[in-house]
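To keep things clear, I will list the structure first and then write my remarks on it.
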Amino acid sequence: MSKTGIALLLGLLAGPGTVSAYTFIYDNGTRNPAGRTTGAVTFTLTFRRPAALIGDPFAAARSAFATWDALTTANITFTDGGQVADDSVGRDGVNKLTFNSTTNINFPQGAVALTTIFFTGGNIIEADIAFNPNPPQSLSVTGASGTADIESIALHEIGHFMGLDHSGLLSACMYPFGNIGNTFKRTLTLDDQIAMSVRYPAVNFSATTGGVVPELSLGDSGIPGRGAQAVALGATDGIVVASALGDDEIQDGVDAIPRLEGLPPGSYKLYFEAMDGPVDTNSFDTNFPGKPFSLPVTRFFDPAAILADSGINDPAQAPNFVVQAGVISTNVVDNHVPTRSTLNITTLNGSVLPVYVLQGASTNLTLTGASFSTSGTLLITGSGVTLSNTTITTTQITTTATVASGATAGPRTILFIGQVNNIQQSSALSGGFVVQAPAALATTTTVAAQSGSGGEAAPTTSSSDGGGKNQSNCCVATVLLGDRTSPGMMTLYAFRNDWLRPSEAGFSVEKTYYGHVSPMARKLASSQALKALGRHILLQAAVQPLQTVQSSASPSQDLAANF
Amino acid sequence: MRIFCALSLALLGVVTPPLAVASSLIYYSLEKLAKDSEVILVGRCTGCQASWNEGRTLITTEITFQVSRYVKGFLGPQVTIRQLGGRVGNDAMSVSGMPEFQPSGEVVLFLGRDQSGGYQVVGMTQGRYQVLSDPDTGEKLVRAPEIAEEELVHTGKTRSASESAAVPGGHLTLDGFCARIQKYLEQEKP
Ligand SMILES: [Zn+2]
């Protein structure tokens, strides 16, 4: 093959398809939430891809950065710094995402991905995201059955990369356990959005949102509600908006007074939930180092409560709390002394992951846990979800949940209320039941289809030429061949990964390509005639010869040697 | 209290234990932990020592445990694990999901080998169960919310939350916890 032919191929191939409770991480030196001094961050991907993965993991990673970048309430901007060869993780001045990080780190058993963060004086000076090249869970770029979706994982890790810790809401992207077999967590929930926006507020964010610092005085104890999360529900629709965790004296010397900030103005019902499973304080080690304690009670917040009250467990009886723009209400204290709850829901359908149900559909739920009273009540917050055929034993509840077609979409809380030892108690799975609008599901399917089936849509992404909000670039070959996993594209990718990238020359050419191809791709995407012509040339000149070569040769260095 | 601990560590010349936040993990039930771990032990953390690697690009921490009991496997009276993250001077490296250990804190640890052949905690924080002490009886307890009601110890059942906040619900005694692990391991035997 001539050098001219190789150069043409490189131009077409090198882009990988440039498609592109709440809590904060604490620095245990300064005792402050750690964050970056600026929300403008350049990220870099490394070249090597997960073994045996079909599709484009780099596009998935870029898409995750773009999702955070598009958040208008947060002052964050990700710039795509292109790709580098060095897979090593650590402090080298580069904020990196790598799929092949075993060059210098050893993953503990069970970790799919992790984020390393360097602090100095409470400031994050660098972070790297490392996917386990030998993951305990199969990965995909489609969220196919039995796999974890790379884009969803990347979205979660980018939250850490910017200083967010986990959320105790099952529905949140920052929940510690990822979904399997779907792409629902490619979308940021309100909780995730608020967390990032509180950390890096856009202009006017604080002025247009409000909050509350709900304080459980637990009377005489001096042991406030350490380790519980406070959750804000929409007062009428029962949708979980945000959660915050008590900070365990790290930030302000006072235990467990969660700050629910960044709430859109409106009416809310607030409750405290014990972090007693599925998420517990073990998942928040920087907030609760060595203290596996949690407020042992779940109940609604009632500033009017008096000591003799038994506490409010039923959202229908809970008072509304009005949040006003620009106002954070403090010194809001519930003085009731609750009795410790033994009632506890710990798993949902044998797992710790949320259930997603379409409007108009129904599903069976099985909850396990402890101290379920057989005369208790199971409910899902808000209206529009009815439960039937409910059976309760002391350790298991089964029911069928039916979602009305007009039910408000969004995450809700599964709540069980029962009498234990003659005292009313409750337990919640916050964000455990997510009502999906068909449109939302269709959007998710479309995203998956971009990498899994045909279609001419030019995938959008940030790229090396900026990465600013609302930018759209594309790869020439992807535009011409349409789908990133079409046979033609897979042939080109195989060439790039197996033959081209092993050479340093290939790396540098690929990097150069980024800087020049986007305008060409946009031009092609705008014209059907140009696309048809380009597709013909590409298939004749590149794909078919490559298919012949690939089927008759092992991936030696023959082609790369032409450099 | 935390300030006291930090000062004590400084005086002892012990580096603060590793920072930790979490990452994308698979979920380990107690049963899965028991079966997937190579070694399960009860021990006390006796020291944490963080250091830079040779190129000063990574901080790792060695954590040593004095072992009082093995439930599975055997590694001798002292066990040292090495994990990513830690603090050296003003520099700190936090690694999502790594468990943090308090010197003298008693824990049940589920260990597995990483690709270097060294041991790490399985499932990151999931494989570390802290041993609590009942404030009234001194009995050792381990949190186990997923265990069925009838087996659990409900310490302070009639006490208010404020009085029993140090011992939340859903615990097994340490002996009961170890017996439960044994039961899972028995199920594995042919
Ligand atoms: Zn995480």
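The values are calculated or read from the model by the stated rules, or taken from the named source; none is laboratory data. Being a predicted model, the structure only gives us computed values, none of them experimental. Cβ atoms come from the backbone with ideal geometry, glycine included; neighbour counts cover every protein chain shown. Keep in mind that these areas ignore ligands, DNA and RNA; they rest on the heavy atoms of the full protein, side chains included. Shrake-Rupley method; radii C 1.70, N 1.55, O 1.52, S 1.80 Å.
Condition check ((1) open to solvent by less than 10 Å² (accessible area, probe 1.4 Å); (2) more than 16 Å from the ligand (Cβ to nearest atom); (3) outside any loop (DSSP other than H, G, I, E, B)) across all residues:
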site: A:82; (1), (2), (3): yes, yes, yes
site: A:87; (1), (2), (3): yes, yes, no
site: A:91; (1), (2), (3): no, yes, no
site: A:97; (1), (2), (3): yes, no, yes
site: A:108; (1), (2), (3): yes, no, no
site: A:113; (1), (2), (3): yes, no, yes
site: A:126; (1), (2), (3): yes, yes, yes
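Go through the residues of region A:196-212 one by one and say whether even a single one is within 16 Å of the ligand (Cβ to nearest atom), modelled with pLDDT of 95 or more and surrounded by 24 or more Cβ atoms within 10 Å (Cβ to Cβ). Yes, some residue in region A:196-212 is within 16 Å of the ligand (Cβ to nearest atom), modelled with pLDDT of 95 or more and surrounded by 24 or more Cβ atoms within 10 Å (Cβ to Cβ). Entry remark, region B:84-93: residues being of a type outside the set (Gly, Ala, Ser), in a strand (DSSP E or B) and within 7 Å of chain A (Cβ to nearest Cβ) number 4 in total. Could you count how many residues in region A:169-195 are within 12 Å of chain B (Cβ to nearest Cβ) and within 15 Å of the ligand (Cβ to nearest atom)? Final tally of qualifying residues: 9. When residue B:143 is tested against (1) of a type in the set (Lys, Arg); (2) under 22 Å from residue A:25 (Cα atoms); (3) under 13 Å from the mean Cα position of the chain (by Cα), only condition (2) is not met. Applying a threshold of 6 Å to beta carbon distances and a minimum spacing of six or more residues, or different chains, the list of pairs starting in region B:69-89 at a residue that is open to solvent by 50 Å² or more (accessible area, probe 1.4 Å) and ending at one that is among the charged types (D, E, K, R) reads B:80/B:62; B:82/B:62. Being under 23 Å from residue A:109 (Cα atoms), open to solvent by 20 Å² or more (accessible area, probe 1.4 Å), more than 9 Å from every other protein chain (Cβ to nearest Cβ) and at pLDDT 80 or above: is that true of residue B:188 here? So residue B:188 passes the test.
Checking A:391, A:346, A:368 one by one, the residue that is in a strand (DSSP E or B), away from chain B (no Cβ under 13 Å) and either surrounded by 15 or more Cβ atoms within 10 Å (Cβ to Cβ) or over 25 Å from the mean Cα position of the chain (by Cα) (or both) is A:391 and no other. Of all residues assigned to region B:103-111, at least one qualifies as being over 26 Å from residue A:350 (Cβ atoms) and open to solvent by 60 Å² or more (accessible area, probe 1.4 Å).
Residues in region A:149-161 include at least one that is more than 14 Å from the ligand (Cβ to nearest atom) and either open to solvent by 10 Å² or more (accessible area, probe 1.4 Å) or within 20 Å of residue A:435 (Cα to Cα) (or both). For region B:112-140: of the residues being open to solvent by less than 20 Å² (accessible area, probe 1.4 Å) and at pLDDT below 85, which is farthest from the other protein chains (Cβ to nearest Cβ)? Among those residues, the one meeting the criterion is B:134.
Of the residues A:303, A:278, which is at pLDDT below 85 and under 21 Å from residue A:424 (Cβ atoms)? Steps first, answer last, please.
Numbers: A:278 fails: under 21 Å from residue A:424 (Cβ atoms).
One residue alone meets the criteria, A:303.
A residue that is within 14 Å of chain B (Cβ to nearest Cβ), surrounded by 23 or more Cβ atoms within 10 Å (Cβ to Cβ) and modelled with pLDDT of 85 or more can be found somewhere in region A:256-272. In region A:151-167, the residues that are assigned to a helix (DSSP H, G or I) form Cβ pairs under 9 Å with partners that are within 9 Å of the ligand (Cβ to nearest atom) and aromatic (Phe, Trp, Tyr), at six or more places apart or across chains, as follows: A:156/A:175. Here residue A:117 passes the criteria (1) among the β-branched types (Val, Ile, Thr); (2) within 9 Å of another protein chain (Cβ to nearest Cβ); (3) more than 16 Å from the ligand (Cβ to nearest atom) except the one numbered (3).
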